[in-house]
Amino acid sequence: MDMNQYLSMFIDESREHLQSINENLLRLEESQEDLSFVQAIFRSAHTLKGMSATMGFEDMAALTHQMESVLDLVRNQKLEMSVFIFDALFRSTDSLESMVQDIMQGGTGRADVKENVTILKSIVSGDYIKENADGKDKSGHLPAHIDEFQFAIMHQLIESGHNVFRVEVELEENCILKAARAYMVFKALEGSGEIVKSSPTVEEIEQERFDRTFSVYYISQVEESELCRIIGNVSEIESVNVIGLTSDSLKELMVGQENTQNTMVTVADTQVVEQSRGKAEPSAKAAPPPGNALPATRTIRVDIERLDALMNLFSELLLDRVRLEQLASEIRRTELTETVEHMSRVSNDLQNVVMKLRMVSVDNVFNRFPRMIRDVAKSIGKKLELVITGADTEMDRIIVDEIGDPLVHMLRNSADHGIEQLAARVAAGKLETGTIQLRAFHSGNQVFIEIEDDGAGINGEKVLNRAMQQGLVTQDQASRMSEHEIYQLLFASGFSTAEQISDLSGRGVGLDVVKTKIESLGGRVQVDSKRGEGTTFSVQLPLTLTIITAMLIQIGPERYAIPLTTIVETACVRKDQLRYVSGMRMMEFRKNIIPVISLHDILQIPQTELEIAETIKIIVVRKGEKLFAIPVDDFLGQQEIVLKSLGKYLTNIIAISGATILGDGQVALIVDTNALIN
Amino acid sequence: MDEELKVIVFTLADEKYGIEIKRVKGIERVMPVTRVPNTYDFIKGVINLRGVVIPVIDLRGRFGLPVEAYTHNARTIIVEVNDIEVGVIVDSANDVVDIDINHIEDPPEIIGGIKAKYLRGIAKMDENRFVVLLNLEKVLNNCELIQFNH
């Protein structure tokens with residue numbers, strides 16, 4: 001059977017399932033008791049196994065099969081998640097991802113999965129505990145995380161005068177029937193009190209899935225010494241450690257537990273129970289948990305090329321509409337005018353629908369960031385939390401595809417250079433966990449994406465010194481720069497080389513690349529910072545690249561379009577307001593002297609009568625922080641235009657970014673104002 | 001017989017040239033062009049061909065032949081080579097002929113003022129007429145443009 005026709009479907013669905021596994025693993029890591037995440041992961045793994053087996057990708061099937069086995073135990077509460085298991089599952093997911101990647105690129109999807117399979121198998125059999133018990137951290141058999149409910153009970157009992165203990169029991173090394181001995185201890189304890197929680201769980205202990213130690217939270221009326229004696233009566237016991245818990249030490253435990261879970265900790269004097277509820281919020285913000293997920297929407301998959309074809313056809317229609325409107329206004333017949341107006345309204349709605357079809361939510365790139373930040377945090381030894389808001393913000397597919405890399409760059413930058421080392425944060429009186437906020441939102445025709453960290457902020461002096469050493473600014477310029485202007489130097493090309501990273505406590509590598517990329521998408525990027533409080537990168541992007549609003553201008557016999565986003569304002573100035581300053585034509589504009597740049601020279605337009613007129617029409621245009629004026633013969637009004645490429649034959653035309661077709665069917669070129677000035 | 005090549009025949013400075021029909025996407029009258037700045041003189045600009053923006057070159061200009069005003073016979077042949085779509089203005093478009101592939105001969109060093117590297121060969125149309133086949137890849141190659149400029 002030919003599987004090729006199913007291959008693209010397989011790839012799409014595999015990627016979706018892998019993404020879902022990743023997300024749910026992260027959520028599970030935050031709230032380990034919530035088995036609904038395990039269910040979701042299990043389902044994804046199960047589907048992946050079935051699909052990959054059908055398609056003949058045996059290695060994928062083998063690995064997912066083992067993942068499924070582990071998850072099955074977890075969801076049936078026969079196995080408790082641990083750091084080790086999380087890492088094993090994450091690693092397996094990575095391995096699956098690279099296999100799918102390989103298949104996408106036409107490979108066979110083969111990979112060596114032996115190591116991951118063995119690890120997963122050892123988890124299923126329980127052997128891994130033995131392997132990890134000796135030497136490594138003991139977190140595996142520290143008392144299990146107590147949940148809010150258990151905490152509340154114990155808290156209340158302590159308050160009402162009961163004794164609450166944490167009892168750690170170690171069996172003798174040569175003990176043969178460990179489960180039986182543990183059972184006897186449990187039995188003895190239950191005679192004079194109640195066990196709230198045991199670690200490993202009772203089931204695991206019954207199945208002998210523990211090393212030599214286990215611990216319980218225990219409520220009783222008896223005293224510590226009596227307790228030791230009761231347990232001591234059971235033979236083959238190496239040691240017993242009984243710790244009496246007070247209200248305070250219980251709270252500490254709760255807080256410490258949150259710390260190890262790497263979540264946000266807000267130490268406050270209010271009820272601890274509330275705090276631990278608060279910690280669930282960030283993940284809820286990032287994406288709704290499966291529990292209250294939206295009802296599945298009915299969708300179909302459409303080839304992107306078909307959407308592009310639809311867009312092209314629609315833009316044809318848009319041209320005819322403009323032409324019809326012109327004709328209707330010339331012919332002046334009511335019926336015609338009304339029909340054309342109705343058509344305009346319908347085509348406006350149609351335009352919205354067509355544009356929406358091409359829009360995807362930024363979540364398509366955001367969704368891989370929590371995992372990335374988790375890995376970065378682990379590798380650089382910081383505690384990081386990524387809070388995502390506005391992941392459902394939509395923008396043009398092309399921009400979403402392109403914006404991923406710059407964002408990765410800025411996020412890594414924030415994690416690496418923005419957030420301080422643990423010790424420095426503590427010294428500065430900040431929480432150990434550094435927070436990076438990733439926000440997306442709409443405003444007008446623009447999408448804003450902000451990355452804000454609560455780190456040390458940018459050291460302006462160091463940046464300035466480095467920029468002067470690099471010859472990017474002169475001493476004179478430097479003395480006149482505002483703090484805000486200094487920060488933007490981070491984006492200057494040539495500012496970052498490998499050597500600087502170590503020197504500069506601030507930020508470093510390749511932010512100029514980020515800036516170039518964003519500007520090529522018609523966007524802008526800025527950075528702002530407050531010493532000691534943090535740094536914010538804000539990216540501003542157009543909603544779409546295919547239809548833009550532009551000002552049409554006439555220069556000599558030719559018409560050009562200038563994107564409205566770059567225009568600050570249009571004005572008429574008297575000829576004597578223009579003057580020459582050291583050979584450059586300048587003019588005064590709102591108390592600033594700005595350069596006047598003539599398109600005649602740059603675009604080789606035949607000279608016109610422009611210079612003779614008493615008043616000159618100008619367009620004031622912005623490039624970054626700089627303003628400049630472009631004289632024109634006439635403003636032809638603003639209009640929605642459909643961006644068209646000049647094709648592959650004409651590439652790198654100076655100061656021209658594309659073309660559009662006007663209402664009369666003629667082509668007008670779009671001026672790239674960024675290229676007009678350095 | 002699959003050894004036949006269908007060719008569009010056009011006139012340029014009194015000489016007959018041919019372009020493989022599978023490269024030709026259409027033949028249009030000369031349309032108003034929008035000038036594109038900072039390019040070669042022979043690039044006349046861009047046209048709107050049913051909603052698609054396509055660059056147009058003057059083939060006389062491309063080969064350095066004397067440029068003349070377009071007559072009503074002038075045509076724009078829309079060709080596509082390696083994903084590049086270009087309109088080529090010629091004096092007139094004449095015919096579609098079948099050419100026997102085995103009877104294409106190497107072009108002479110120079111013919112009608114066009115260097116051999118832009119040509120694919122010379123073929124016989126009938127008893128006493130010949131057609132010069134263009135090598136469109138070379139004609140539309142942008143690297144070649146730079147050499148041309150010198």
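Some values worked out for this structure:
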| read-out | value |
| --- | --- |
| Selected residue [open to solvent by less than 50 Å² (accessible area, probe 1.4 Å) and part of a strand (DSSP E or B)] from A:E385, A:E420 | A:E385 |
| Looking only at the range B:56-73, and only at residues there that are over 12 Å from A:V667 (Cβ atoms) and in contact with a strand residue (DSSP E or B) (Cβ under 6 Å, 6 or more places away or on another chain), the one that is nearest to the other protein chains (Cβ to nearest Cβ) | B:I57 |
| When residues of the range A:308-326 are limited to those that are free of Cβ contacts under 8 Å to residues at least 40 places away in the same chain and under 12 Å from A:E341 (Cα atoms), the one nearest to the other protein chains (Cβ to nearest Cβ) | A:R321 |
| Filtered residues of the range A:644-672 (kept if part of a strand (DSSP E or B), open to solvent by 20 Å² or more (accessible area, probe 1.4 Å) and under 23 Å from A:M586 (Cα atoms)) | none |
| Output for the range A:592-602, where each listed residue is under 44 Å from the mean Cα position of the chain (by Cα) and open to solvent by less than 30 Å² (accessible area, probe 1.4 Å) | A:I594, A:P595, A:V596, A:I597, A:S598, A:L599 |
| Residue within the range A:624-639 that is of a type in the set (D, E), in a loop (DSSP other than H, G, I, E, B) and either in contact (Cβ under 8 Å) with a residue 40 or more places away in the chain or at the interface with chain B (Cβ under 7 Å from one of its Cβ atoms) (or both) present | yes |
| The lone exception for A:A675 - which of (1) buried (at least 21 other Cβ atoms within 10 Å of the Cβ); (2) at pLDDT below 85 it fails | (1) |
| Residue among A:V202, A:V242, A:V216 that alone is among the β-branched types (V, I, T) and crowded, with 20+ Cβ neighbours inside 10 Å | A:V216 |
| Those residues of the range B:18-55 which are at the interface with chain A (Cβ under 10 Å from one of its Cβ atoms), closer than 27 Å to A:A309 by Cβ and within 14 Å of the chain's Cα centre (by Cα), in sequence order | B:P55 |
| When residues of the range B:79-108 are limited to those that are within 14 Å of chain A (Cβ to nearest Cβ) and over 30 Å from B:A69 (Cβ atoms), the one modelled with the lowest pLDDT | B:D83 |
| In the range A:42-74, the residues that are closer than 15 Å to A:S125 by Cα and open to solvent by 40 Å² or more (accessible area, probe 1.4 Å) | A:H65, A:D72 |
| Filtered residues of the range A:95-123 (kept if within 23 Å of the chain's Cα centre (by Cα) and open to solvent by 60 Å² or more (accessible area, probe 1.4 Å)) | A:E97, A:S98, A:Q101 |
| Every residue from the range B:109-150 that is more than 14 Å from chain A (Cβ to nearest Cβ), open to solvent by less than 20 Å² (accessible area, probe 1.4 Å) and modelled with pLDDT under 80 | B:I114 |
| Members of the range A:519-557 found to be part of a loop (DSSP other than H, G, I, E, B) and either at pLDDT below 80 or among the acidic types (D, E) (or both), listed by number | A:G522, A:E533, A:L543, A:T544, A:L545, A:T546 |
| Among the residues listed as A:T516, A:T497, the single one being surrounded by fewer than 18 Cβ atoms within 10 Å (Cβ to Cβ) and at pLDDT below 80 | A:T497 |
| The range A:657-671 - residue that is more than 7 Å from chain B (Cβ to nearest Cβ) and under 18 Å from A:G522 (Cβ atoms) and, of those, modelled with the lowest pLDDT | A:S657 |
| Residue, modelled with the lowest pLDDT, within the range A:640-654, restricted to residues that are closer than 24 Å to A:D601 by Cβ and facing chain B (nearest Cβ under 8 Å) | A:T651 |
| Test: residue in the range A:579-595 that is within 14 Å of chain B (Cβ to nearest Cβ) and either basic (K, R) or free of Cβ contacts under 8 Å to residues at least 24 places away in the same chain (or both) | no |
| Residue within the range B:79-91 that is among the acidic types (D, E) and free of Cβ contacts under 8 Å to residues at least 60 places away in the same chain present | yes |
| Condition check for A:D94: of a type outside the set (S, T, N, Q) and either over 27 Å from A:Y6 (Cβ atoms) or touching an Asp or Glu at 6+ places or on another chain (Cβ under 7 Å) (or both) | no |
| Residue check, B:I54 modelled with pLDDT of 85 or more and not basic (K, R) | yes |
| Some residue of the range B:73-81 being part of a helix (DSSP H, G or I) and surrounded by fewer than 18 Cβ atoms within 10 Å (Cβ to Cβ) | no |
| The range B:82-95, subset among the charged types (D, E, K, R) and in a loop (DSSP other than H, G, I, E, B), residue nearest to the chain's Cα centre (by Cα) | B:D91 |
| The range A:352-371, subset touching a Leu at 6+ places or on another chain (Cβ under 7 Å) and open to solvent by 20 Å² or more (accessible area, probe 1.4 Å), residue farthest from A:L28 (Cα to Cα) | A:L357 |
| Condition check for A:S344: open to solvent by less than 50 Å² (accessible area, probe 1.4 Å), over 14 Å from A:D454 (Cα atoms) and not in a strand (DSSP E or B) | yes |
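Residues checked against (1) crowded, with 19+ Cβ neighbours inside 10 Å; (2) small (G, A, S):
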{"position": "A:A550", "(1), (2)": "yes, yes"}
{"position": "A:I555", "(1), (2)": "yes, no"}
{"position": "A:L564", "(1), (2)": "no, no"}
{"position": "A:C572", "(1), (2)": "no, no"}
{"position": "A:R585", "(1), (2)": "no, no"}
{"position": "A:R590", "(1), (2)": "no, no"}
{"position": "A:Q604", "(1), (2)": "no, no"}
{"position": "A:R622", "(1), (2)": "no, no"}
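The values are calculated or read from the model by the stated rules, or taken from the named source; none is laboratory data. Values in this document were obtained by computation on a predicted structure and should not be read as measured data. Counting neighbours? That spans all protein chains shown, and the Cβs are built from the backbone with ideal geometry, glycine included. Surface accessibility is based on the protein's heavy atoms, side chains included, excluding ligands, DNA and RNA. Shrake-Rupley method; radii C 1.70, N 1.55, O 1.52, S 1.80 Å.
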